[in-house]
Amino acid sequence: MADGDRELQRRLAEVRDAYVARLPQRLAELRLLVTDARAGAPEATSALHRQLHSLTGSAGTCLLYTSPSPRDRTRSRMPSS
């Protein structure tokens, strides 16, 4: 592996580690938003949606989550008979 590739991998690992370290706080904030939404707080549902969207997007950026390919939806997961 070239030095540039190693450096990139090291930096990506740092970003992932920092992201994972922040997850407990972010999850606590999401729990509060769920509680507020259930209680009828006017902005809680839209704030919850934004935070979940952000969490999903940032997880993909940190290579912790990848969306399934649209092709995967067209393939049967059951064996053909």
Check: What are the residues in the range 26-64 that are without any contact (Cβ under 8 Å) to a residue 24 or more places away in the chain and at positive phi, if any?
Finding: 40
Note to self: As an exercise: evaluate residue 12 against (1) surrounded by 14 or more Cβ atoms within 10 Å (Cβ to Cβ); (2) in contact (Cβ under 8 Å) with a residue 12 or more places away in the chain and give the number of the one condition it does not meet.
What the structure shows: (1)
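Could you tell me which of the residues 47, 39 is modelled with pLDDT of 95 or more, open to solvent by less than 50 Å² (accessible area, probe 1.4 Å) and out of contact with any Asp or Glu (no Cβ under 6 Å at 6 or more places or on another chain)? Give the derivation first.
Details: 39 fails: open to solvent by less than 50 Å² (accessible area, probe 1.4 Å).
Going through 47, 39 in turn, the sole match is 47.
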Item checked: Selection from the range 21-36 of residues that are closer than 30 Å to residue 10 by Cβ and either modelled with pLDDT under 80 or open to solvent by 90 Å² or more (accessible area, probe 1.4 Å) (or both) -> 22, 25
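The values are calculated or read from the model by the stated rules, or taken from the named source; none is laboratory data. These figures come from a predicted structure and were not determined experimentally. When we count neighbours, we look across all protein chains shown, and the Cβ atoms used for this are built from the backbone with ideal geometry, even at glycine. Quick note on the areas: whole protein, heavy atoms, side chains included, nothing else; ligands and nucleic acids left out. Shrake-Rupley method; radii C 1.70, N 1.55, O 1.52, S 1.80 Å.
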